[in-house]
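Read the figures in this text as sums done on the coordinates, not as results from a lab. From a predicted model like this one, the values you see are computed outputs, not experimental measurements. All Cβ positions, even for glycine, are placed from backbone atoms using ideal geometry, and neighbour counts span all protein chains on display.
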Amino acid sequence: MKFNKMVILVLKWFIYILGGVLILVFISLQAYKAYLKSSTKIKTPNGISSMEKVILGDLEQWVFIRSMDTSNPVLIFLHGWPCEPALGMSSSRNLDKELIKHFTVVHWDQLGAGKSFNNNIPNSSMSMERWVEDCNELINYLRNRFNSQKVFLVGHSGGTILGLKIAQKYPEKIAAYVGIAQILNNHEQQAISYNYILQKATDKGNQKTIDKIKEIGPPPYSNPKKELEKAKYIIKNGNFIRNEVVKNMGIIALSYLSSPEYTIKEGFQTLSGKGLIFTLDARYHEIIKMDLTNEVRSLEVPVYFFQGKYDMITPTSQIEDYYQKLKASHG
């Protein structure tokens, strides 16, 4: 009996302490959000810092616009995907302080990502064709609003698919396209990274890792699960993020919770990967068939690629080959 009372007492204290820690974390997050919002406030006469709801493809989506001067050229950042808005809206106050001096920077949480995710999004709205037209509608809205004939597009990871497609389809609206960690042909890139990480494990004599990678198997994959499993080994080997401090993406992902632009619910929802899973399920059949190396052989806009030396999620060797063959008017 005494033992049971002791267990109950310990559990009560554990719950009290846990509750206290959670309250402290919540208060700290709210305090940090208030500090970040205040310390990054734009005070210039013609500046802007605005979170806005826009209707694209008849569905509500969100953009975050910041600039020291709205007469600056418009730059749209297309975050990675499937619907993983890392380095996008939630990170903008920490990462864009130089860009907003020269551009009107627009972060768009694409349908299914961050603030633009909800449980009522129809699967039919998640096709690549609709994705491209959502972006085109956003471009038209921003061109009209800021009286700008053309906009700059900067795509990161999955966002580079959209960027390259837009640059090809609507060159008259694009001042220049910048691809960071460009995705071109999912099957080829997966094959290169699979062979690389298997060889690395073999060189290290790590039989356990070799067996696990072989269990995943080479592409093509019928579902995204194996692709994501393989990516974990690439990340562990330092072929995604080289910096040890942020190797597990934890610091970047924490921005979902600390961003003044996200509610606590939106932050946890994004952190849990609900939008990522939803989008992968809706688009994966299109991803595995995609081949931009053949689809986009020429562009009528300036184009620039930035690739990581050690990147094996989007292998640099494939981008170098594509760049040499691409016919572009500038860049």
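Excluding Val301 itself, what net charge comes from residues whose Cβ is under 13 Å from its Cβ, given Lys and Arg +1 and Asp and Glu -1? Don't skip to the end; give the middle numbers.
Numbers: positive: Lys150, Lys165, Lys169, Lys173, Lys327; negative: Glu172, Glu300.
Overall, the nearby charge balance is +3.
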### Query
Any idea what diffusion coefficient segment 1-81 gets from Stokes-Einstein, in µm²/s, Kirkwood Rh on alpha carbon pairs, 25 °C, 0.890 mPa s?
139
#### Entry: Overall form of the chain per C-alpha gyration tensor (a/c, 1.5; a/b vs b/c)
oblate
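Hey, can you rank 189-200, 209-220 by average C-beta count inside 10 Å, highest first? Working shown, then result.
On the way: 189-200: 18.4, 209-220: 14.8.
Descending mean neighbour count gives 189-200, 209-220.
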### Query
For Lys204 and Leu228, what is the calculated FRET efficiency with R₀ set at 25 Å and r taken between the beta-carbons, to the nearest 0.05?
0.65
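Just the number, please: percent antiparallel of the DSSP beta bridges in the chain, rounded to the nearest 5.
40
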#### Entry: For peptides 142-150, 159-167, 20-28, 130-138, sequence by mean Cβ density within 10 Å, most packed first
159-167, 130-138, 142-150, 20-28
### Summary
Filtered hits (lysines, Cα-Cα < 24 Å from Lys150, offset >= 8 within chain) -> Lys53, Lys97, Lys101, Lys165, Lys169, Lys173, Lys327
### Task
Would you mind putting 100-113, 259-272 in packing order, based on average other-beta-carbon counts within 10 Å, highest first?
100-113, 259-272
### Task
Tell me what the chain gives for mean residue ellipticity at 222 nm when only DSSP H runs of n ≥ 4 count, each as -39,500 (n - 2.57), the sum divided by the residue total, rounded to 500 deg cm²/dmol.
-15000 deg cm²/dmol
### Summary
Note, Pro171: beta-carbon cut-off 12 Å, +1 each Lys/Arg, -1 each Asp/Glu, net +2
### Query
Efficiency by 1/(1 + (r/R0)^6): what FRET value for Ile8 and Lys214, r their Cβ-Cβ distance, R0 = 56 Å, to the nearest 0.05?
0.65
### Message
At a threshold of 8 angstrom on Cα-Cα distance, excluding pairs fewer than six apart, so keeping six or more, what relative contact order does the chain reach in percent?
### Response
19
### Task
Round to a whole angstrom and tell me the spacing of the C-alpha centers of segment 186-203 and segment 39-55.
44
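Run the numbers for Asp321 and Asn123: contour at 0.36 nm per residue of separation, minus the present Cα-Cα distance, in nm.
Length difference between fully extended and current span is 67.8 nm.
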### Virtual spin-label span in nm between Ala34 and Ser298, 7 Å along Cα→Cβ
5.9
### Summary
Counting Lys and Arg as +1 and Asp and Glu as -1 over every other residue whose Cβ sits under 15 Å from the Cβ of Asn72, the net charge comes to +3
### Query
Among all the lysines, which ones have a C-alpha under 21 Å from Lys230's C-alpha, if same-chain residues fewer than 8 places away are not counted?
Lys200, Lys204, Lys208, Lys212, Lys214, Lys247, Lys274, Lys289, Lys309
